[in-house]
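Only the coordinates and a few stated rules stand behind these numbers; no lab work does. It should be emphasised that the depicted structure is a prediction, and the values quoted were computed from it without experimental measurement. Backbone-built Cβ (ideal geometry, glycine too); neighbour counts: all protein chains shown.
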Amino acid sequence: MTEQRGNWTSSAGFILAATGSAIGLGNLWKFPFITWENNGGAFVLVYLVCIAAVGLPIMMAELLIGRKTQKSAVGALKEAVGPAWGLVGMWGVLCGFILLSYYTVIAGWSLFFFAKTAGWMVGGFPAGASLGEIFTEQSANGTLQLGLSLGFSIATVSVVYFGVQKGIEKIARLFLPILFLILALLFTVSFAMEGSGEALAFIFRPSFGELDGGSVLEALGHAFFTLSLGMGAMITYGSYIARNQSVVKASGIIVLLDTVIALVATVIMFTVIFTAGMQDQVSETGTVGMLFISLPQLFFAEGVVPGGRFLAPLFYVLVALAALTSTMSLLEVVASYVIDEHGIARGKATLMCGGAVFVFTILAALSFGGADFATSMSVPGPIGDLFFAGKTSWFGMADHFVSNWMLPTGGLAITIAAGWFMAREASEGELVDDTTPGWFSYDVWAFFIRFVAPAAVAAIIIAVLFFGVDFS
Ligand code: PHE
């Protein structure tokens, strides 16, 4: 490795980049919907417990492994824990590869809905248009899907190409504040709307009668996804942190921001839905429905969202920016592995990895009716049921396998590595120094990383294995 490794220019730059990785489609697309499916209140509370008890300690573990070794996922685990642990890093790189391949497709949809809503902002909402149909048609149009995801992939590659400082950090510094502003604007508007009281009650008033074991596990699985944990993204970002920054403080801020943004986005979406009385349609249209079917329509409905026609395109800009700051961290995991472990220059490595991922993006883009073989692909028999829950498209299988298998197993391995195989001096040396905030206790962290987090994650895996719980 002769090339000079990049470093974040400042603590704020790093925190924005890592927060940008965490805040993404998980916050805007997945979290509101699973909160809906699980009847809000109690589910949200359990999710918050998972974030604090499992997510936060693992965030610290990944960042410290990265900073200690100044290497990306594979090299970092090899050096911090031992040569065999490189396999866990490889598992993470593979996971990033697959996750990026299909995440890009949903990100592409935000470009489509931006264009649509911008058109309606100018020309007016077409009378009698059905958002359900518009959605189904665009997702089944193979050429359109390939175009949208190619556009998004090119954007991702262009950022990572320029490296940590001139690419990733620069874009995060520019986009994250814009994202916060748009969200703050939408949040303010939502308070003036009738449904906001009902939305808040739904999200924050717990009623434990409605919670089952499956919901608890779903909350835990989503905690990994939303914080970008379990696949080495935070190890990689951690490897660019300078010595004089506190890993503990950064972890606290990233986790807090991600959580606040998920809740704010959920309040906004539910307020719109309750104001319009659209609860039934939302339940019918499934996971994609809330973000791409119900919301676009409601922005244009009479008397629902004040200034809705102007806010609609802005909302999809928000989705696209959030997605891009996540896709660039996914590509960075794959590219930095090739750069660090195979000594290939960043420019070439980024293009190679971006191109290779795109081959699989093609399959994901054609999974919604664009091409038969991708839409109806499945793995039959018990193996298919276990690993892919009988899903029948490339997209469905990939998402299920990543969320239910790759992230939890990767996360489990990382907690075991940090808690049981790294020497105390090594982890303590990274976490505790004169920049460490006063609320932090190394022994409490060690207890969570050794016992609480692995037990919780093992519980997910056992539940999936023996009870077939699906939280993708
Ligand atoms: N955290 C991102 C989101 O919520 C997804 C992601 C997972 C990004 C893993 C990078 C690594 O959308």
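Within the stretch 434-442, identify whether any single residue is buried (at least 16 other Cβ atoms within 10 Å of the Cβ) and farther than 19 Å from residue 250 by Cα, and answer yes or no.
Scanning the stretch 434-442, I find no residue that is buried (at least 16 other Cβ atoms within 10 Å of the Cβ) and farther than 19 Å from residue 250 by Cα, so the answer is no.
Given (1) under 30 Å from residue 457 (Cα atoms); (2) surrounded by 24 or more Cβ atoms within 10 Å (Cβ to Cβ), identify the lone condition not met by residue 149.
(1)
When you scan the stretch 271-294, do you find a residue that is in contact with a Cys (Cβ under 7 Å, 6 or more places away or on another chain), surrounded by 24 or more Cβ atoms within 10 Å (Cβ to Cβ) and in a helix (DSSP H, G or I), even just one?
Looking for residues that are in contact with a Cys (Cβ under 7 Å, 6 or more places away or on another chain), surrounded by 24 or more Cβ atoms within 10 Å (Cβ to Cβ) and in a helix (DSSP H, G or I), one finds none in the stretch 271-294, hence no.
Residues that are surrounded by 24 or more Cβ atoms within 10 Å (Cβ to Cβ) and on the phi > 0 side of the Ramachandran plot: find the helices (runs of 4 or more DSSP H) completely inside the stretch 1-120 holding 2 or more of those.
Details: elements: 11-22, 31-37, 41-50, 56-69, 73-81.
Once the helices (runs of 4 or more DSSP H) in the stretch 1-120 are filtered for at least 2 residues that are surrounded by 24 or more Cβ atoms within 10 Å (Cβ to Cβ) and on the phi > 0 side of the Ramachandran plot, nothing remains.
Output the number of residues of the stretch 188-245 satisfying the condition of being within 16 Å of the ligand (Cβ to nearest atom) and either under 30 Å from residue 69 (Cβ atoms) or of a type in the set (Val, Ile, Thr) (or both). Show your work before the answer.
Looking only at the stretch 188-245, we keep the residues that are within 16 Å of the ligand (Cβ to nearest atom), and these are 218-240.
Add one more test, that the residue is either under 30 Å from residue 69 (Cβ atoms) or of a type in the set (Val, Ile, Thr) (or both), and what stays is 220-240.
Matching residues across the stretch 188-245 total 21.
Scan the stretch 401-439 residue by residue and report those that are farther than 19 Å from residue 223 by Cα and either in contact with a Leu (Cβ under 7 Å, 6 or more places away or on another chain) or among the hydroxyl-bearing types (Ser, Thr, Tyr) (or both).
417, 427, 430, 431, 435, 436
Among the residues of the stretch 382-398, is there at least one that is within 16 Å of the ligand (Cβ to nearest atom) and not aliphatic (A, V, I, L, M)? Can you show your working first?
Step one: of the stretch 382-398, the residues within 16 Å of the ligand (Cβ to nearest atom) are 395, 398.
Within this subset, residues satisfying the condition of being not aliphatic (A, V, I, L, M) are 395.
Yes - at least one qualifying residue is present in the stretch 382-398.
Could you list all residues from the stretch 443-467 that are surrounded by fewer than 14 Cβ atoms within 10 Å (Cβ to Cβ) and over 17 Å from residue 52 (Cα atoms)?
The first filter runs over the stretch 443-467 and keeps only residues surrounded by fewer than 14 Cβ atoms within 10 Å (Cβ to Cβ), leaving 443-444, 451, 455, 462, 465-467.
Within the stretch 443-467, 462, 465, 466, 467 qualify.
Need a quick list: helices (runs of 4 or more DSSP H) entirely within the stretch 379-470 having at least 1 residues that are among the charged types (D, E, K, R) and over 23 Å from residue 228 (Cα atoms). Before you say what the answer is, go through the steps one by one.
Values: elements: 381-388, 394-401, 407-416, 424-431, 442-447, 453-467.
The qualifying helices (runs of 4 or more DSSP H) are 381-388, 424-431, 442-447.
Got at least one residue in the stretch 151-166 being within 26 Å of residue 294 (Cβ to Cβ) and more than 17 Å from the chain's Cα centre (by Cα)? Walk me through how you get there before you give the answer.
Start the filter on the stretch 151-166 by keeping residues that are within 26 Å of residue 294 (Cβ to Cβ), which leaves 151-152.
With more than 17 Å from the chain's Cα centre (by Cα) added as a condition, the list becomes 151.
Checked the stretch 151-166: at least one residue is within 26 Å of residue 294 (Cβ to Cβ) and more than 17 Å from the chain's Cα centre (by Cα).
Pick from 261, 253, 273, 268: which is out of contact with any Lys or Arg (no Cβ under 9 Å at 6 or more places or on another chain), within 14 Å of the ligand (Cβ to nearest atom), more than 30 Å from residue 359 (Cβ to Cβ) and not hydroxyl-bearing (Ser, Thr, Tyr)?
Details: 253 fails: within 14 Å of the ligand (Cβ to nearest atom); 273 fails: within 14 Å of the ligand (Cβ to nearest atom); 268 fails: within 14 Å of the ligand (Cβ to nearest atom).
On inspection, the qualifying residue turns out to be 261.
Based on this model, can you work out whether residue 160 counts as in contact (Cβ under 8 Å) with a residue 12 or more places away in the chain, within 16 Å of the ligand (Cβ to nearest atom), in contact with a helix residue (DSSP H, G or I) (Cβ under 7 Å, 6 or more places away or on another chain) and not hydroxyl-bearing (Ser, Thr, Tyr)? First the steps, then the outcome.
Details: in contact (Cβ under 8 Å) with a residue 12 or more places away in the chain: yes; within 16 Å of the ligand (Cβ to nearest atom): yes; in contact with a helix residue (DSSP H, G or I) (Cβ under 7 Å, 6 or more places away or on another chain): yes; not hydroxyl-bearing (Ser, Thr, Tyr): yes.
Taking the combined requirement at face value, the residue satisfies it.
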